[in-house]
Protein chains: 2
Amino acid sequence: MDGVSEPDARGTLGTVRNAVLLLGLLSEGPAYQQLTDLADRSGLSVPTVHRLLRSLVLADLVEQDPSSSRYGLGPEVARLAQRYLARLPILGALAPYLVPLRDAVGHTVHVAVLVRGHIVYVDRVDGADGGLYRDTHRVHPAFETAAGRLLAARATDDAWQQCLDAATPDDRKHAENERVAWREAAHLLTEGGDADEPAEVAVPVLDGSGRAIAALAATPPPIASEAQIAEIAAHLARAGRAAGRTLSHA
Amino acid sequence: MDGVSEPDARGTLGTVRNAVLLLGLLSEGPAYQQLTDLADRSGLSVPTVHRLLRSLVLADLVEQDPSSSRYGLGPEVARLAQRYLARLPILGALAPYLVPLRDAVGHTVHVAVLVRGHIVYVDRVDGADGGLYRDTHRVHPAFETAAGRLLAARATDDAWQQCLDAATPDDRKHAENERVAWREAAHLLTEGGDADEPAEVAVPVLDGSGRAIAALAATPPPIASEAQIAEIAAHLARAGRAAGRTLSHA
DNA sequence: CCTTACGTTTTCACTATTTGAAAGGCAATA
DNA sequence: TATTGCCTTTCAAATAGTGAAAACGTAAGG
């Protein structure tokens, strides 16, 4: 094809590339999408997209709404993800500390990881007040959350680049100025604007070699003093260090 | 190939079939697995498996351990699943009721769905006692849990068949005898053997057309009277009906 | 009721892509 | 240094995927 793009795409199967491209498109926008629309956005021909989707439907990675015959992600992705998370080392390492941590900070505690420029919340222990803002199963562009900023700033340069790609122009400019500050900070805080976005305090979880592989986050009440925030951050940091330690010993 | 197998595999891409076959193999057994082992188990040649895995690694659906160069599932499956769950109608319908439900029954509450013969826990609100048995991110063969038995017994015949395929021989025989009883029951209970498997009470969540699309489950304390169990089941059932109602209205 | 419009699905000839045998690397072990 | 075991790459053969076009289904409009 061309000379410079995608150096590591050598010896790779185009059909698989196309299939995951479709999964990516299905993960954006509305839950169910039209064949022709997917063909347009992917740049593939309509019959090709149809065949790919039919193949994915057979595996339950995609499902087709019988009434509209539109396509959306299927339940098998949930099963695969569950198996992935069940064996994720960080989650095993954090497991013993999460409930005590929730009790210590008194609010819901989250574990987040950075995936392709997005923050994914992979575990959670609910606080007693439960879900004033219980927006569970969130996936956000990294820069929109404290956990994401923290992990992005400490990540490799290409992971940082993916975060920039996933961000809005405003966030992108902001992020470029703040990266060093975000990387240096022991904990990060996002104010809960008003309705849908609660406040979030996040600290990194470092593995044996000092890489930030996850973030621990808590959602303090909207009006909380600096001192209260600092105390929550201290609790989070202590649990994060403990988990990091068990991680390197195993 | 042959005459009778796979009638709906027509017009389907072999490469995609092979790729998802590998994802399935990676989801079983140890977290990281050898290329040659995967080639054996899949029946594909080693270079083919290598190319498929390389393609999946490029998409972060699979990751390769740099030290052992073994392959395991990658973080992108978690991101896709999160987007799937974020838009899953049942979860939206149940959301308003889960925290009150947790408070009413006084223990952790789970939402489970049936995927390819397995029970997947797709949402959870933790109780105050948190995780005596906090075995989060569980995927079990359907028949091993109350929620699974309940959903399997009420599912279509091929979903039931998939459950049989995923079960141990013992469970299979047991299930074949109990199916009618499980389908008829308003709630189901599994005793918490001893250590790793807590007790579980489950009720179905029915959609507008009476199909059981999810299960609501709670984990009562090991020693709980029949009456206490019945009360928990009643709470669960009430929430389930409420969610089912909002589901058909939308 | 017939026509038009729009989206999904199928067919089919063409060739780009995938395939597996064999060879090449690269660590560990003896 | 030879050997073993595993991952990775190469390359000719041909299978398996591709897109234009046609067929099908369904819903709105005349």
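A compact table of results
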{"item": "Mean separation of Cα contacts under 8 Å, 6 or more apart, over the residue count of chain B: relative contact order %", "result": "15 percent"}
{"item": "10 Å Cβ neighbours from other chains, averaged over peptide A:152-159", "result": "0"}
{"item": "Whole-number percent relative contact order across region A:14-134, with pairs defined as alpha carbons under 8 Å at least 6 apart", "result": "16 percent"}
{"item": "Positive minus negative residues near residue A:207 (Lys, Arg vs Asp, Glu; Cβ under 12 Å)", "result": "+4"}
{"item": "Positive-end residue of A:20, A:190, A:31, charge dipole of chain A with Cβ unit charges", "result": "A:20"}
{"item": "At 7 Å out from Cα toward Cβ: residue B:92 inter-copy label distances (nm, ascending)", "result": "3.7"}
{"item": "Protection proxy ranking of B:231-240, B:148-157 - average other beta-carbon atoms within 10 Å, highest first", "result": "B:148-157, B:231-240"}
{"item": "Crossing angle, helix A:169-184 versus chain A [Cα axis fit, 0-90 degrees, rounded to tens]", "result": "40 degrees"}
{"item": "Cβ-based charge dipole, region B:88-249, positive-most Cα from B:136, B:221, B:161", "result": "B:161"}
{"item": "Sequence ranges A:97-107, A:118-128, ranked by mean other-Cβ count within 10 angstrom, highest first", "result": "A:118-128, A:97-107"}
{"item": "Peptide A:45-54 - average C-beta neighbours from other chains (10 Å radius)", "result": "2"}
{"item": "Using a 7 Å Cα-to-Cβ projection, residue B:14 label spacings across copies, nm, ascending", "result": "1.7"}
{"item": "Distance-filtered residues of region A:29-54 - backbone nitrogen under 20 Å, label point 7 angstrom along residue B:17 Cα→Cβ", "result": "A:47-54"}
{"item": "Residue of B:43, B:74, B:208 that the Gaussian network model of chain B assigns the largest fluctuation, springs spanning Cα pairs under 10 Å", "result": "B:43"}
{"item": "5 angstrom amide H check on residue A:70, placed H, neighbours 5+ away", "result": "A:65"}
{"item": "Shielding by partners - mean other protein chain Cβ count within 10 Å, residues of A:8-20", "result": "6"}
{"item": "Angle between chain B longest axis and helix B:157-166 axis [Cα atoms, degrees, rounded to 10]", "result": "70 degrees"}
{"item": "Nearest-ten-degree value, helix A:226-249 long axis tilted from longest Cα axis of chain A", "result": "70 degrees"}
{"item": "Loop sites in region A:1-84: GluC sites (Glu not before Pro), DSSP, at most 10 other Cβ within 10 Å", "result": "A:28"}
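Read the figures in this text as sums done on the coordinates, not as results from a lab. Source: prediction; values computed, not measured. Cβ coordinates were reconstructed from backbone atoms using ideal geometry, including for glycine residues, and neighbour counts include every protein chain displayed.
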